[in-house]
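Step one of this worksheet: look at the structure below.
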Amino acid sequence: MPHIDQIVMLALLAGLVASGTFHWRAGVRGRRLAATVLASFYGVVLVAMLTAHCADVTYNTVLGNRSFVDGRPFAYDWRTYSLLLFGVLLIVQGVRVLRATPGLGRGEPAARAAILRTALLVLAIAAPTIPVHAFFGSLISGLTVLTLGGTLALGRVPARDDATTASFAPAV
């Protein structure tokens, strides 16, 4: 697909700026802001890159282009289906991370646990692809490990402003 790499890079940059702005405006600061923006960026990377992956596979299948990996023409077969399924599976995980990041910013332990579980699942899916596609497998696995580290390093530190977290607490 023409210019797909440039489109993805612009989406990643826009996602990084938007997530940083969103969490900053929500009152998240310090280490919590850094960990939350990292997790948000991780979710954006999964959604943007894998959406582009699915679009590229579909585009090449429709046009019958040749694969860069083995030179065979793309056709709708088990391989194409698997590539699309792989992409959709990781897009869903990216959305899960993005949905949990506001809670991470508020200091919710459930949100932290959701991000950790999702990142471990992505690592289990992406790490075995390193021998097959070293660039993608290493990139996603490395970013996943970085996100796991940032989220774990945050620990169970409560949010700084109790008024911020209290406004999101359920009424008793």
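Filter the stretch 1-18 for residues that are within 26 Å of V62 (Cβ to Cβ) and open to solvent by less than 60 Å² (accessible area, probe 1.4 Å) and give the result.
The initial filter retains those residues of the stretch 1-18 that are within 26 Å of V62 (Cβ to Cβ), namely 1-12.
Within the stretch 1-18, I4, V8, A11, L12 meet the criteria.
Look through the stretch 82-96, keep the residues that are of a type in the set (A, V, I, L, M) and touching a residue at least 24 places away in the same chain (Cβ under 8 Å), and return whichever of them is least open to solvent (accessible area, probe 1.4 Å).
Within the stretch 82-96, the first condition is being of a type in the set (A, V, I, L, M), and the residues that meet it are 83-85, 88-92, 95.
Adding the requirement that they be touching a residue at least 24 places away in the same chain (Cβ under 8 Å) leaves 83-84, 88-91, 95.
Details: L83: 50, L84: 42, V88: 77, L89: 74, L90: 0, I91: 36, V95: 65 Å².
Among those residues, the one meeting the criterion is L90.
Give the residues of the stretch 19-74 that are in a loop (DSSP other than H, G, I, E, B), surrounded by fewer than 18 Cβ atoms within 10 Å (Cβ to Cβ) and among the aliphatic types (A, V, I, L, M), sorted by residue number.
Taking the stretch 19-74 as the starting set, the residues that turn out to be in a loop (DSSP other than H, G, I, E, B) are 26-29, 64-65, 67-72, 74.
With the extra rule that they be surrounded by fewer than 18 Cβ atoms within 10 Å (Cβ to Cβ), the set shrinks to 26-27, 29, 64-65, 67-72.
Scanning the stretch 19-74 gives A26, V69.
For R106, state whether it is in contact with a helix residue (DSSP H, G or I) (Cβ under 6 Å, 6 or more places away or on another chain), modelled with pLDDT of 95 or more and surrounded by 14 or more Cβ atoms within 10 Å (Cβ to Cβ).
Details: in contact with a helix residue (DSSP H, G or I) (Cβ under 6 Å, 6 or more places away or on another chain): yes; modelled with pLDDT of 95 or more: yes; surrounded by 14 or more Cβ atoms within 10 Å (Cβ to Cβ): yes.
So R106 passes the test.
Listed residues R99, R79, R112; which is at pLDDT 95 or above, in a helix (DSSP H, G or I) and surrounded by fewer than 17 Cβ atoms within 10 Å (Cβ to Cβ)? Spell out the reasoning first.
Values: R79 fails: at pLDDT 95 or above; R112 fails: surrounded by fewer than 17 Cβ atoms within 10 Å (Cβ to Cβ).
Only one candidate qualifies: R99.
Given L154, L139, L121, which one is surrounded by 15 or more Cβ atoms within 10 Å (Cβ to Cβ), at pLDDT below 95 and among the aliphatic types (A, V, I, L, M)?
Numbers: L139 fails: at pLDDT below 95; L121 fails: at pLDDT below 95.
Testing whether each residue is surrounded by 15 or more Cβ atoms within 10 Å (Cβ to Cβ), at pLDDT below 95 and among the aliphatic types (A, V, I, L, M) leaves just L154.
The values are calculated or read from the model by the stated rules, or taken from the named source; none is laboratory data. Not measured: the values here are computed from a predicted model. Neighbour counts are summed over all protein chains in view; Cβ atoms, including those assigned to glycine, are modelled from backbone coordinates with ideal geometry. Note: accessible area is taken over every heavy atom of the protein model, side chains too, but ligands, DNA and RNA are not part of it. Shrake-Rupley method; radii C 1.70, N 1.55, O 1.52, S 1.80 Å.
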